[in-house]
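Please read the structure below before turning to the comments.
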Amino acid sequence: TGSVVRPASFSTAARAAARRALEIARQAEGDAPKLQAARHLSSVARATRDRKAYADATEAVLEVTPRDFHAWKNLAELRAASGGSAEKVYQDLLALYPGDADAHSLYARHIGLTKGYLNAVRYYEQIVEESAEPARMLSYLVSYQQAYRMAPHANRTLARMETEFPDDPWTQLEQAKKQSTDGYSKAAIEALKDVVAGYEISEAYEVLAR
(Lines give C-alpha, C1' and ligand atoms only; values in the text may rest on other atoms or scores of the structure.)
Protein backbone atom coordinates (compact mmCIF):
# COMPACT_ATOMS: atom_id res chain seq x y z
CA THR A 1 0.00 0.00 0.00
CA GLY A 2 1.21 3.49 -0.78
CA SER A 3 1.71 6.08 1.88
CA VAL A 4 -0.85 8.85 2.28
CA VAL A 5 0.54 12.39 2.11
CA ARG A 6 -1.01 14.55 4.80
CA PRO A 7 -2.19 18.04 3.78
CA ALA A 8 0.37 19.78 6.01
CA SER A 9 3.20 17.72 4.58
CA PHE A 10 1.97 18.39 1.07
CA SER A 11 1.84 22.14 1.78
CA THR A 12 5.38 22.12 3.11
CA ALA A 13 6.64 20.17 0.11
CA ALA A 14 4.81 22.45 -2.32
CA ARG A 15 6.28 25.58 -0.76
CA ALA A 16 9.76 24.07 -0.69
CA ALA A 17 9.50 23.14 -4.37
CA ALA A 18 8.24 26.60 -5.28
CA ARG A 19 11.05 28.27 -3.34
CA ARG A 20 13.60 26.03 -5.05
CA ALA A 21 12.14 26.92 -8.44
CA LEU A 22 12.54 30.61 -7.60
CA GLU A 23 16.17 30.10 -6.58
CA ILE A 24 16.88 28.39 -9.90
CA ALA A 25 15.00 31.09 -11.83
CA ARG A 26 17.11 33.82 -10.20
CA GLN A 27 20.15 32.33 -11.95
CA ALA A 28 18.51 32.29 -15.38
CA GLU A 29 18.93 35.03 -17.95
CA GLY A 30 16.21 37.63 -18.24
CA ASP A 31 13.39 38.54 -15.90
CA ALA A 32 10.64 36.28 -17.27
CA PRO A 33 11.71 33.06 -15.46
CA LYS A 34 12.05 34.86 -12.12
CA LEU A 35 8.69 36.59 -12.51
CA GLN A 36 6.98 33.33 -13.40
CA ALA A 37 8.58 31.50 -10.47
CA ALA A 38 7.75 34.34 -8.06
CA ARG A 39 4.10 34.28 -9.13
CA HIS A 40 4.01 30.51 -8.71
CA LEU A 41 5.38 30.81 -5.17
CA SER A 42 2.80 33.52 -4.53
CA SER A 43 0.00 31.20 -5.64
CA VAL A 44 1.29 28.33 -3.50
CA ALA A 45 1.71 30.66 -0.51
CA ARG A 46 -1.84 31.97 -0.79
CA ALA A 47 -3.22 28.46 -1.18
CA THR A 48 -1.37 27.28 1.92
CA ARG A 49 -1.92 30.52 3.86
CA ASP A 50 1.78 31.09 4.37
CA ARG A 51 2.20 34.83 4.86
CA LYS A 52 5.98 34.75 4.96
CA ALA A 53 6.23 32.84 1.68
CA TYR A 54 3.66 35.22 0.16
CA ALA A 55 5.71 38.23 1.28
CA ASP A 56 8.91 36.70 -0.06
CA ALA A 57 7.21 36.00 -3.38
CA THR A 58 5.90 39.57 -3.52
CA GLU A 59 9.39 40.93 -2.91
CA ALA A 60 10.64 38.79 -5.79
CA VAL A 61 7.89 40.15 -8.03
CA LEU A 62 8.93 43.70 -7.10
CA GLU A 63 12.53 42.96 -8.06
CA VAL A 64 11.27 42.50 -11.61
CA THR A 65 8.35 44.96 -11.64
CA PRO A 66 9.20 47.63 -9.06
CA ARG A 67 6.40 49.94 -10.21
CA ASP A 68 3.74 47.38 -9.29
CA PHE A 69 2.13 49.53 -6.60
CA HIS A 70 -0.50 46.90 -5.83
CA ALA A 71 2.36 44.54 -4.94
CA TRP A 72 3.87 47.21 -2.66
CA LYS A 73 0.53 47.55 -0.87
CA ASN A 74 0.29 43.77 -0.49
CA LEU A 75 3.83 43.58 0.86
CA ALA A 76 3.15 46.29 3.44
CA GLU A 77 0.01 44.50 4.63
CA LEU A 78 1.81 41.16 4.79
CA ARG A 79 4.72 42.57 6.77
CA ALA A 80 2.36 44.24 9.22
CA ALA A 81 0.31 41.05 9.64
CA SER A 82 3.49 39.11 10.38
CA GLY A 83 4.69 41.52 13.06
CA GLY A 84 6.90 43.54 10.74
CA SER A 85 6.68 47.16 9.69
CA ALA A 86 4.38 48.38 6.95
CA GLU A 87 5.92 51.82 7.44
CA LYS A 88 9.35 50.51 6.44
CA VAL A 89 7.90 49.04 3.25
CA TYR A 90 6.40 52.39 2.30
CA GLN A 91 9.61 54.24 3.15
CA ASP A 92 11.48 51.83 0.87
CA LEU A 93 8.96 52.62 -1.87
CA LEU A 94 9.36 56.38 -1.42
CA ALA A 95 13.15 56.07 -1.37
CA LEU A 96 12.94 54.28 -4.71
CA TYR A 97 10.45 56.76 -6.21
CA PRO A 98 10.81 59.98 -4.20
CA GLY A 99 8.97 62.18 -6.67
CA ASP A 100 6.33 59.73 -7.85
CA ALA A 101 2.73 60.86 -7.37
CA ASP A 102 1.38 57.31 -7.30
CA ALA A 103 3.87 56.26 -4.63
CA HIS A 104 2.98 59.23 -2.43
CA SER A 105 -0.75 58.67 -2.93
CA LEU A 106 -0.38 55.03 -1.89
CA TYR A 107 1.45 56.11 1.25
CA ALA A 108 -1.18 58.77 1.97
CA ARG A 109 -3.87 56.10 1.89
CA HIS A 110 -1.80 54.03 4.31
CA ILE A 111 -1.65 57.04 6.62
CA GLY A 112 -5.42 57.28 6.38
CA LEU A 113 -5.82 53.69 7.50
CA THR A 114 -3.35 53.95 10.37
CA LYS A 115 -3.59 57.57 11.50
CA GLY A 116 -6.93 58.77 10.22
CA TYR A 117 -8.46 60.76 7.40
CA LEU A 118 -7.25 64.20 8.48
CA ASN A 119 -3.61 63.11 8.68
CA ALA A 120 -3.86 61.61 5.21
CA VAL A 121 -5.29 64.87 3.85
CA ARG A 122 -2.47 66.82 5.49
CA TYR A 123 0.06 64.54 3.82
CA TYR A 124 -1.62 64.99 0.43
CA GLU A 125 -1.56 68.77 0.86
CA GLN A 126 2.09 68.70 1.90
CA ILE A 127 3.04 66.71 -1.20
CA VAL A 128 1.01 69.04 -3.42
CA GLU A 129 3.34 71.86 -2.36
CA GLU A 130 6.44 69.77 -3.06
CA SER A 131 5.33 67.89 -6.15
CA ALA A 132 6.32 68.52 -9.74
CA GLU A 133 2.74 67.49 -10.59
CA PRO A 134 0.58 69.40 -8.10
CA ALA A 135 -2.63 69.11 -10.14
CA ARG A 136 -2.20 65.35 -10.31
CA MET A 137 -1.76 65.13 -6.54
CA LEU A 138 -4.85 67.29 -6.04
CA SER A 139 -6.75 64.95 -8.35
CA TYR A 140 -5.69 62.03 -6.19
CA LEU A 141 -6.80 63.98 -3.12
CA VAL A 142 -10.24 64.54 -4.68
CA SER A 143 -10.55 60.79 -5.27
CA TYR A 144 -9.50 60.09 -1.69
CA GLN A 145 -12.00 62.56 -0.28
CA GLN A 146 -14.77 61.08 -2.40
CA ALA A 147 -13.87 57.57 -1.22
CA TYR A 148 -14.45 58.80 2.34
CA ARG A 149 -17.76 60.37 1.26
CA MET A 150 -16.41 63.84 2.00
CA ALA A 151 -18.12 65.48 -0.99
CA PRO A 152 -17.86 69.07 0.34
CA HIS A 153 -14.12 68.59 0.87
CA ALA A 154 -13.72 67.11 -2.61
CA ASN A 155 -15.65 70.01 -4.14
CA ARG A 156 -13.37 72.52 -2.40
CA THR A 157 -10.29 70.70 -3.68
CA LEU A 158 -11.71 70.71 -7.21
CA ALA A 159 -12.44 74.44 -6.89
CA ARG A 160 -8.79 74.94 -5.94
CA MET A 161 -7.72 72.98 -9.02
CA GLU A 162 -9.96 75.13 -11.23
CA THR A 163 -8.43 78.28 -9.76
CA GLU A 164 -4.77 77.28 -9.71
CA PHE A 165 -4.60 74.84 -12.63
CA PRO A 166 -7.58 75.61 -14.90
CA ASP A 167 -6.05 74.18 -18.07
CA ASP A 168 -4.37 71.14 -16.59
CA PRO A 169 -5.68 67.77 -17.87
CA TRP A 170 -6.03 66.49 -14.30
CA THR A 171 -8.40 69.37 -13.59
CA GLN A 172 -10.33 68.53 -16.74
CA LEU A 173 -10.51 64.91 -15.61
CA GLU A 174 -11.96 65.83 -12.22
CA GLN A 175 -14.43 68.24 -13.83
CA ALA A 176 -15.62 65.47 -16.14
CA LYS A 177 -15.92 63.00 -13.25
CA LYS A 178 -18.01 65.52 -11.30
CA GLN A 179 -20.27 66.09 -14.30
CA SER A 180 -20.77 62.34 -14.49
CA THR A 181 -21.57 62.15 -10.77
CA ASP A 182 -24.02 65.06 -11.07
CA GLY A 183 -25.87 63.31 -13.89
CA TYR A 184 -24.45 65.14 -16.86
CA SER A 185 -23.26 61.95 -18.50
CA LYS A 186 -23.20 63.19 -22.11
CA ALA A 187 -21.16 66.27 -21.22
CA ALA A 188 -18.87 64.15 -19.05
CA ILE A 189 -18.23 61.67 -21.86
CA GLU A 190 -17.35 64.45 -24.27
CA ALA A 191 -15.01 66.04 -21.72
CA LEU A 192 -13.33 62.72 -21.03
CA LYS A 193 -12.88 62.11 -24.74
CA ASP A 194 -11.05 65.44 -24.95
CA VAL A 195 -8.75 64.41 -22.10
CA VAL A 196 -8.10 61.01 -23.65
CA ALA A 197 -7.42 62.54 -27.07
CA GLY A 198 -4.93 65.06 -25.75
CA TYR A 199 -3.15 63.33 -22.89
CA GLU A 200 -1.99 59.91 -21.75
CA ILE A 201 -3.92 59.69 -18.49
CA SER A 202 -4.93 56.14 -17.69
CA GLU A 203 -7.55 57.30 -15.19
CA ALA A 204 -9.44 59.00 -18.02
CA TYR A 205 -9.56 55.75 -19.98
CA GLU A 206 -10.81 53.91 -16.90
CA VAL A 207 -13.61 56.38 -16.23
CA LEU A 208 -14.63 56.47 -19.89
CA ALA A 209 -14.83 52.67 -19.95
CA ARG A 210 -17.38 52.53 -17.13
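The values are calculated or read from the model by the stated rules, or taken from the named source; none is laboratory data. Just so it is clear, the model here is predicted, and its values are computed rather than measured. Neighbour counts run over all protein chains shown; Cβ positions are idealised from the backbone, glycine included. Remember, those area values only see protein heavy atoms, side chains included, never the ligands or the DNA or RNA. Shrake-Rupley method; radii C 1.70, N 1.55, O 1.52, S 1.80 Å.
How far apart, in nm, are the 7 Å Cα→Cβ label points at S85 and A47?
Distance between label points: 3.5 nm.
Find the lysine pairs in segment 22-142 meeting two conditions, Cα atoms under 19 Å apart and a separation of 8 or more places or different chains, and report how many there are.
Count of close lysine pairs: 6.
Tell me, what is the FRET efficiency for T114 and T181 to the nearest 0.05, using R0 = 22 angstrom and their Cβ-Cβ distance as r?
0.15
For Cα pairs less than 8 Å apart in space and 6+ apart in sequence, what is the mean separation divided by the residue count of segment 78-131, i.e. the relative contact order in percent?
Normalised by residue count, the contact order of segment 78-131 is 22 percent.
Give the accessible surface of segment 16-139 per residue, rounded to a whole number of Å², with probe radius 1.4 Å and ligands, DNA and RNA excluded.
Dividing the accessible area of segment 16-139 by its residue count gives 53 Å².
Show me, for segment 46-56, the HN-Hα J-couplings you get by feeding each phi into the Karplus relation (A = 6.51, B = -1.76, C = 1.60, θ = phi - 60°), rounded to Hz, glycine and proline as x.
Once rounded to whole Hz, the list reads 5, 5, 9, 6, 9, 5, 5, 5, 5, 5, 4.
Which far-off residues, 5 or more places away or on another chain, put their amide H under 5 Å from the one on D100, with H placed in the peptide plane?
When sequence neighbours closer than 5 places are left aside, there are no close amide H contacts.
Are there trypsin sites (Lys or Arg not before Pro) in segment 1-100 that DSSP puts in a loop and that have at most 13 other Cβ atoms within 10 Å, and which ones? Don't jump to the answer; show the numbers that get you there.
Details: sites: R15, R19, R20, R26, K34, R39, R46, R49, R51, K52, R67, K73, R79, K88; in loops: R49, R67.
Loop-located and lightly packed - R49, R67.
At M150 and A132, where each label point lies 7 Å from the Cα along Cα→Cβ, what is the point-to-point distance in nanometres?
With each label placed 7 Å out from Cα toward Cβ, I get 2.8 nm.
Once the dipole of segment 113-177 is set up with Lys and Arg at +1 and Asp and Glu at -1 on Cβ about the Cα centre, which of Q172, Q146, T114 lies farthest towards its positive end?
T114
If amide hydrogens are placed 1.01 Å from N in the peptide plane, which non-local residues have theirs closer than 5 Å to the one on D68?
So D68 has HN proximity to no qualifying residue.
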